[in-house]
Amino acid sequence: GGSARATAPLQLRGGPVHTGSAIEFLQLEAMQRAAGYGPAAVPYGGHGYGAATASKAIYREPPLPEFLGLEKEGRQRLNGLAVFQAWLMPCLIFSGMLSLMSFSTWRDHRVQGAFLQGCALLIGLAFAGKAFVAHQRRGQGDDQRVSDQPTWFLFLAVTCLLAWLAGLILGSSNYAALMSPYYDLSAMGIAYNVSPGDLPGTRHLDASRVVFKEGSRVAEELSLGFKDGTTYCVAPIVAGNGTDGTKLASFDYWAVGINCCNPQPPATFWCGRSDLTNPAAHGAVRWMGDSARSFFQLAIQQAEAEYGYQAVNPILYTWTQDPVADVEDMRSAGMDFLVGLTVKFAVLQAIFVIGVIFFLSPTGLQSLGQWKAVAKAASGYFADDADGPALRASYDPAPPEG
């Protein structure tokens, strides 16, 4: 009788017919009772021990995760050292590459700089290798749930490599726009109390910052522009006011700018960091850009032909009030750029780490697992193969009686 009962079809109270073994039947019934859904637990014979007869089975729909066969994830221990490393390592790589490319280290010590770049890159590649090895080992495991558990290695590999690349690009940009001009200008000298009409420009070829005598000005009335899509503007720097400067044998000091003048007479010129009408402005910073220099030369040649003066040894400047402070401002702007980006990257990396922690938490994994189970259950429920009817029967409890 025992063997017959073990193989005969069995039915859960209020549920579908179960065609498996008696052991599987009892396991399924126990799981339903523990989960709190399906028919109420009623002892064999329909009576509780010393209790009244159960008049009617109580039926409740199972919650979605249990209905789909999901197991609740256990609480996972959070590795604080791994979390801190996942935040710190990319930040160090980013700030290191940003600083390396922003300052003169890369320009003056190319071999050492390339070595540091390679070391930072190897860190990201090492994490990528460890992530690959860990994935291979987990894929060979017997417990698929364990093999699907992610690690920090892949996260560290991606973020470290992105930090390395971003540091190189942004550091190079900072160096080209701010730090390189600062190094070039600060390496040259400063000339004070220079009179545009007394000394030729060749006397101050090594000066990047020039403070002219008070009263010196930009002769806007003698300005001109060369237009080639972009307007390259030039105007001579003269001593005094009026037209005294036109008596010079050669105009060697020139204020220049881009798209800041009327290219043809009547002349208007508003280039520079200071208003031309400001009496306190009588300084200039050397123009260091090479790409526009040839166009400025063409504009000066046009001005010579238009106004009838000469420019034997023209030197190009940007008109300003305090040339020394302007050069120092370039360094301050470069440092602010570096510090600001470092802080922003650290905050962004912290957000990424928090997001990964949530993803690896039971809540995040359960949310992901629910969606996977929904897709799997839906595909199996509507399957047309031989297992489809049995799967539908196991997922469709019988309705309550009465």
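The values are calculated or read from the model by the stated rules, or taken from the named source; none is laboratory data. As the structure is a prediction and not an experimental result, all values here were calculated from the model. Heads up, the Cβs are rebuilt from the backbone with ideal geometry, glycines too, and the neighbour counts pull from every protein chain shown. Side chains are part of the model used for accessible areas, which takes the heavy atoms of the whole protein and leaves out ligands, DNA and RNA. Shrake-Rupley method; radii C 1.70, N 1.55, O 1.52, S 1.80 Å.
Quick notes on this one:
- Odd one out for Leu156, checked against (1) farther than 21 Å from Gly355 by Cα; (2) under 19 Å from the mean Cα position of the chain (by Cα); (3) modelled with pLDDT under 95; (4) not β-branched (Val, Ile, Thr): (1)
- A residue that is over 16 Å from Gln301 (Cβ atoms) and of a type in the set (Val, Ile, Thr) occurs nowhere in segment 248-257.
- Residue among Pro314, Pro323 that is in contact with a Lys or Arg (Cβ under 6 Å, 6 or more places away or on another chain) and open to solvent by less than 50 Å² (accessible area, probe 1.4 Å): Pro323
- Cβ-Cβ distances below 6 Å connect the following pairs, each with a first residue in segment 338-358 that is over 26 Å from Ala176 (Cβ atoms) and free of Cβ contacts under 8 Å to residues at least 24 places away in the same chain, a second residue that is of a type outside the set (Lys, Arg) and open to solvent by less than 80 Å² (accessible area, probe 1.4 Å), and a separation of six or more residues or different chains: Phe358/Gly364.
- Any hit, segment 274-287, residues being out of contact with any Ser or Thr (no Cβ under 7 Å at 6 or more places or on another chain), more than 27 Å from Met188 (Cα to Cα) and modelled with pLDDT of 90 or more: no
- Members of segment 173-189 that are surrounded by fewer than 16 Cβ atoms within 10 Å (Cβ to Cβ) and aliphatic (A, V, I, L, M): Ala176, Ala177, Ala187
- Tally, over segment 307-331, of residues that are closer than 14 Å to Cys233 by Cα and assigned to a helix (DSSP H, G or I): 0
- Taking segment 178-201 as the range and being free of Cβ contacts under 8 Å to residues at least 60 places away in the same chain and either of a type in the set (A, V, I, L, M, F, W, C) or at positive phi (or both) as the test, the residues that pass are Ala187, Ala191, Asn193, Val194, Leu199.
Residue by residue, here is whether (1) at pLDDT below 90; (2) part of a strand (DSSP E or B); (3) open to solvent by 20 Å² or more (accessible area, probe 1.4 Å); (4) over 13 Å from Tyr317 (Cα atoms) holds:
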site	(1), (2), (3), (4)
Gly225	no, yes, no, yes
Thr231	no, yes, no, yes
Gly257	no, yes, no, no
Ala267	yes, no, yes, yes
Cys271	no, no, no, no
Ser291	yes, no, yes, yes
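- The one condition in (1) open to solvent by less than 30 Å² (accessible area, probe 1.4 Å); (2) small (Gly, Ala, Ser); (3) over 30 Å from Trp106 (Cβ atoms); (4) touching a Ser or Thr at 6+ places or on another chain (Cβ under 8 Å) that Ala239 fails to fulfil: (1)
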